[in-house]
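The values are calculated or read from the model by the stated rules, or taken from the named source; none is laboratory data. Source: prediction; values computed, not measured. Cβ atoms come from the backbone with ideal geometry, glycine included; neighbour counts cover every protein chain shown.
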Amino acid sequence: MDTKRIVIKDKENPEDQELFEAARILREGGLVAFPTETVYGLGGNALDADAARKIYAAKGRPSDNPLIAHISCMEELEPLVREIPEAGRVLAEKYWPGPLTMIFPKSDLVPYSTTGGLDTVAVRMPSDPTANRLIRLAGVPVAAPSANTSGRPSPTTADHVWQDMNGKIEMIVDGGPVGIGVESTIVDVSGPVPTILRPGAITQEMLDELFGHVMVDPAILGPMKEGVRPKAPGMKYKHYAPKGELTLIELKDETIKALYTPGSRLYSQVSRMMADSGKNWKLDMESFYMAWKVNEAAVQREQTGAKVGVICTDETMDEYTVAVKRSIGRRSSQDSVAHNLYAVLRDFDDLGVDYIYSESFADTHLGSAIMNRLNKAAGYHILMV
Ligand code: AMP
Ligand code: MG
């Protein structure tokens, strides 16, 4: 199949004319990849069982991993669900359109091929103007998982989509790089307390503030334990494994404490090293120590003759002596790290390194989503220092 690629001129104000053909393809059961504020989605008619099957085939995705139905306005929610729980109304009011997916009891209209056989349906209303307008013009809810081959990092540019989907789908709508860079937060609103099934840009802190307290599905907090079933079936898959073996370096609590205790041995040692380096120090001790330890692990590995890369940050980049290094963003900006995360992982696949060592990040706010994706990519392979 020839995959057509169209480029949206002004992605904040797409013209209907630019999107008519894509909307028609969706309506008629074909597949169109399009930008959203989170990552690129691979869209098909969510009410068409055949379209859902085509999505699974194009991605090579297991068909028990349900799809998210995307809508453009509140009126489009009602036909898809049996009821809208109070928490769902509150969240929709506050965070839709936006990077939030909610799980509802499904109506008979939604085929089981879209929900992977579940009696619930995941729904999101994207805020990206191109996505929103395309869904409106299609006139059908649009099932849209990330537009990557299953097992590869999610696509954050149209080029990433092209690499994975060229020849497999009818069209790619190119709206430039996405904004957020990690997939939506998934919240189950069907129980008494809202539960986060996947962390994203609508953070636990934001939800706690709204509801007092929300729950977090234990499956997203650590490696999959025997007998634990994640409530979002997709979270059970080892999402994406880089070609090189990825190790995250994390600081122990006691290390961080020592770094903030003047007079401790570590504090004196690190202060001395920072002074000796003769650079004009802009780094805090924690970031400096992190970079030092990541570099140390990488250099040790390099000495065995392996090809090694590091995932560093703008602030720490100069500290590294290893050959291959890529900045994932600024330590001071979680937004920048989320934005670059998948592109950097794709980059390392292309570079063909044997081992990757990565800095880690605080697990709060958007950091929960960042660490969730990095941990999954690393298969929870963590070196505590
Ligand atoms: P993706 O489409 O790649 O963003 O992945 C969709 C995610 O939503 C997967 O982790 C699915 O398991 C999850 N999901 C979709 N529908 C449901 C549902 N009805 N209940 C729980 N999780 C769901
Ligand atoms: Mg995905």
Exercise for review: For Thr185, indicate whether it is at pLDDT 95 or above and touching a His at 6+ places or on another chain (Cβ under 6 Å).
Suggested key: no
Revision key, fill the gap. For Tyr240, the lone unmet condition from (1) of a type outside the set (Asp, Glu); (2) touching a residue at least 12 places away in the same chain (Cβ under 8 Å); (3) within 13 Å of ligand 1 (Cβ to nearest atom); (4) under 30 Å from Arg89 (Cα atoms) is (4)
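Residue-by-condition table, conditions (1) in a loop (DSSP other than H, G, I, E, B); (2) farther than 21 Å from Leu26 by Cβ:
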| position | (1), (2) |
| --- | --- |
| Leu91 | no, yes |
| Pro105 | no, yes |
| Leu109 | yes, no |
| Thr114 | no, no |
| Gly117 | yes, yes |
| Ala122 | no, no |
| Ser127 | yes, no |
| Thr130 | no, no |
Check your understanding: Is there a residue in region 184-191 that is free of Cβ contacts under 8 Å to residues at least 60 places away in the same chain and surrounded by fewer than 23 Cβ atoms within 10 Å (Cβ to Cβ)?
Key -> yes
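Can we say Pro66 is over 29 Å from Met165 (Cα atoms) and either in contact with an Asp or Glu (Cβ under 6 Å, 6 or more places away or on another chain) or crowded, with 17+ Cβ neighbours inside 10 Å (or both)?
Working: over 29 Å from Met165 (Cα atoms): no; either in contact with an Asp or Glu (Cβ under 6 Å, 6 or more places away or on another chain) or crowded, with 17+ Cβ neighbours inside 10 Å (or both): yes.
No: the conditions fail for Pro66.
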Revision key, fill the gap. Residue hits (region 330-352; surrounded by fewer than 21 Cβ atoms within 10 Å (Cβ to Cβ) and part of a loop (DSSP other than H, G, I, E, B)) are Arg330, Ser332, Ser333, Gly352
Check your understanding: For region 13-33, does any single residue satisfy the condition of being more than 26 Å from Glu205 (Cα to Cα), charged (D, E, K, R) and under 19 Å from the mean Cα position of the chain (by Cα)?
Key -> no
Review point. How do the pairs read when you match residues in region 197-214 that are in contact (Cβ under 8 Å) with a residue 24 or more places away in the chain and more than 24 Å from Pro66 (Cβ to Cβ) with residues anywhere that are surrounded by fewer than 19 Cβ atoms within 10 Å (Cβ to Cβ) and not aromatic (Phe, Trp, Tyr), using Cβ under 6 Å and keeping only pairs 6 or more apart or on different chains?
Key: Glu205/His365
Review point. Considering region 39-86 alone, what residues qualify as being assigned to a helix (DSSP H, G or I), of a type in the set (Gly, Ala, Ser) and in contact with a helix residue (DSSP H, G or I) (Cβ under 7 Å, 6 or more places away or on another chain)?
Key: Ala49, Ala52, Ala58
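One line per residue, one yes/no per condition, for (1) crowded, with 24+ Cβ neighbours inside 10 Å; (2) under 27 Å from Val193 (Cα atoms); (3) within 16 Å of ligand 2 (Cβ to nearest atom):
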| site | (1), (2), (3) |
| --- | --- |
| Lys106 | no, yes, no |
| Tyr112 | no, yes, no |
| Gly116 | no, yes, yes |
| Val121 | yes, yes, no |
| Ala131 | yes, no, yes |
| Arg136 | no, no, no |
| Ser150 | no, no, yes |
Review point. Residues of region 316-329 being out of contact with any Ser or Thr (no Cβ under 6 Å at 6 or more places or on another chain) and part of a strand (DSSP E or B), which ones?
Key: Val324, Lys325, Arg326
Practice item. Filter region 178-200 down to residues that are part of a loop (DSSP other than H, G, I, E, B) and under 11 Å from the mean Cα position of the chain (by Cα) and give me whichever is nearest to Arg124 (Cα to Cα). Key: Ser184
